[in-house]
Amino acid sequence: MNKITTILLAALLLLTLAACASGTSPESDSSTAETSSEGAAAQQSEGQQETKPEESSERIVSTTVAITELMDALEVELVGIPTSVKNLPERYEGLTEIGNPMNPDMELVRMLKPTEVLSVTTLAYDLTPKFERAGIKAEFLDFTSLEKMNETIEALGQKYGREQQAAEIIEKHRLKQEQIETAIAGKSSPSVLILMGIPGSYLVATENSYIGDLVKRAGGVNVVQGETVEYVASNTEHLQQANPDIILRAAHGLPDEVVKMFDKEFQRNDIWKHFEAVKQGNVYDLEETLFGTTGNLAVNEALDELIGMLYK
């Protein structure tokens with residue numbers, strides 16, 4: 001697979017994974033922006049004003065599920081939330097939905113008169129020009145690793161006067177990491193291959209990806225070393241030479257379809273049969289709700305799951 005193909009696949013992956021962050025399927029992305037403005041008008045005409053939060057100097061719009069859940073944990077009020085099939089915090093029930101994270105309805109966002117719009121750094125390249133053209137102030141939060149997420153949580157706590165709530169969240173993460181380090185002390189570090197799949201294709205996740213960071217924190221050693229990007233193209237012959245102890249398969253976009261895709265790939269491509277991880281039955285499909293493409297508040301549960309997979 002040449003360099004251009006790799007770049008195109010990576011771009012497609014990031015766009016599809018952005019849809020995952022909202023809990024919407026890729027097929028629904030194109031229709032979200034077209035229907036959300038009409039939905040907002042309907043909500044207002046049906047008495048949305050009754051559920052409108054109290055006026056304050058801060059009018060914050062969250063564009064991803066992970067950010068919305070974090071703001072709830074920080075006890076920060078919002079005026080807009082992402083469109084999602086996932087259950088969002090009850091605190092934000094009835095708020096205006098502004099569409100998919102990678103394609104927010106800018107007209108809806110403007111109607112909310114936000115003082116701030118929150119997105120994630122993985123979408124900054126695509127969304128920055130869109131927000132600028134719309135004249136909307138946006139901040140991109142870094143959730144690419146647990147460390148970066150904790151730094152972001154601390155900064156948000158200071159910004160919104162929620163230092164105590166932020167400190168409690170970070171402390172839970174610290175205690176879990178301490179618990180993990182104690183649990184794996186003295187154990188051999190397993191080598192790990194992480195496959196990141198979307199419908200129709202997959203890439204290999206490096207240590208620079210969020211899941212790669214979790215694997216490293218759980219004591220695993222990624223078979224892909226020396227990369228500066230989050231994902232690289234799959235070269236099965238090279239990967240087979242690395243012969244990982246564990247293979248983790250992350251399915252996003254349409255998880256059920258991606259798992260089937262992985263199953264067919266492992267059955268039809270004879271080279272997988274020579275991987276020691278396959279021979280030993282050490283191939284695991286990661287639960288999408290725990291193993292997102294960016295950091296989220298399920299991190300402690302995700303680490304517990306990884307320990308069970310890496311050291312069974």
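One residue is enough: does the stretch 254-273 have a residue meeting the conditions closer than 25 Å to ARG217 by Cα, within 21 Å of the chain's Cα centre (by Cα) and part of a loop (DSSP other than H, G, I, E, B)?
No; the residues of the stretch 254-273 include none that is closer than 25 Å to ARG217 by Cα, within 21 Å of the chain's Cα centre (by Cα) and part of a loop (DSSP other than H, G, I, E, B).
Output the number of the condition that ASP126 fails; it satisfies all remaining conditions of (1) modelled with pLDDT under 95; (2) on the phi > 0 side of the Ramachandran plot; (3) among the charged types (D, E, K, R).
Tallying (1) modelled with pLDDT under 95; (2) on the phi > 0 side of the Ramachandran plot; (3) among the charged types (D, E, K, R), ASP126 fails exactly one: (2).
Could you tell me whether GLY219 is free of Cβ contacts under 8 Å to residues at least 24 places away in the same chain and buried (at least 19 other Cβ atoms within 10 Å of the Cβ)? Break it down stepwise before answering.
Numbers: free of Cβ contacts under 8 Å to residues at least 24 places away in the same chain: no; buried (at least 19 other Cβ atoms within 10 Å of the Cβ): yes.
Answer is no for this residue.
Please count how many residues of the stretch 72-110 are touching a residue at least 40 places away in the same chain (Cβ under 8 Å), within 19 Å of ALA138 (Cα to Cα) and either in a helix (DSSP H, G or I) or aromatic (Phe, Trp, Tyr) (or both).
Final tally of qualifying residues: 3.
Could you check, for the stretch 124-140, whether at least one of its residues is within 30 Å of VAL283 (Cα to Cα) and without any contact (Cβ under 8 Å) to a residue 24 or more places away in the chain?
Step one: list which residues in the stretch 124-140 are within 30 Å of VAL283 (Cα to Cα), which gives none.
Within the stretch 124-140 (the criterion being within 30 Å of VAL283 (Cα to Cα) and without any contact (Cβ under 8 Å) to a residue 24 or more places away in the chain), the answer is no, since none of the residues qualifies.
If we keep just the residues of the stretch 274-294 that are in a loop (DSSP other than H, G, I, E, B) and touching a Pro at 6+ places or on another chain (Cβ under 8 Å), which is nearest to ALA66 (Cα to Cα)?
Selected residue: GLU288.
So which residues in the stretch 105-126 are closer than 21 Å to ASN296 by Cβ, surrounded by fewer than 20 Cβ atoms within 10 Å (Cβ to Cβ) and touching an Asp or Glu at 6+ places or on another chain (Cβ under 7 Å), if there are any at all?
Across the stretch 105-126, the qualifying residues are GLU116, THR121.
If SER119 satisfies every condition in (1) among the polar types (S, T, N, Q); (2) in contact with a Lys or Arg (Cβ under 8 Å, 6 or more places away or on another chain); (3) closer than 18 Å to ILE98 by Cβ but one, which is the exception?
Every listed condition holds for SER119 apart from (2).
Exactly one of these conditions fails for ALA242: (1) over 16 Å from MET196 (Cβ atoms); (2) surrounded by 19 or more Cβ atoms within 10 Å (Cβ to Cβ). Give me its number.
Status for ALA242: all satisfied but (2).
If you go through the stretch 249-269 one residue at a time, do you hit one that is open to solvent by less than 50 Å² (accessible area, probe 1.4 Å), under 15 Å from SER209 (Cα atoms) and not small (Gly, Ala, Ser)?
Yes, the stretch 249-269 contains a residue that is open to solvent by less than 50 Å² (accessible area, probe 1.4 Å), under 15 Å from SER209 (Cα atoms) and not small (Gly, Ala, Ser).
For the stretch 86-102, name all the residues that are at pLDDT below 95 and surrounded by 23 or more Cβ atoms within 10 Å (Cβ to Cβ). I'd like the intermediate steps shown before the answer.
Let us first name the residues in the stretch 86-102 that are at pLDDT below 95, namely 86-87, 100-102.
Selection gives ASN100, PRO101, MET102.
The values are calculated or read from the model by the stated rules, or taken from the named source; none is laboratory data. A quick note: this is a predicted structure, and the numbers were derived from the prediction, not measured. Glycine gets a Cβ as well: all are built from the backbone with ideal geometry, and neighbour counts include every protein chain shown. These area figures cover heavy atoms from the full protein model, side chains too; ligands, DNA and RNA do not enter into them. Shrake-Rupley method; radii C 1.70, N 1.55, O 1.52, S 1.80 Å.
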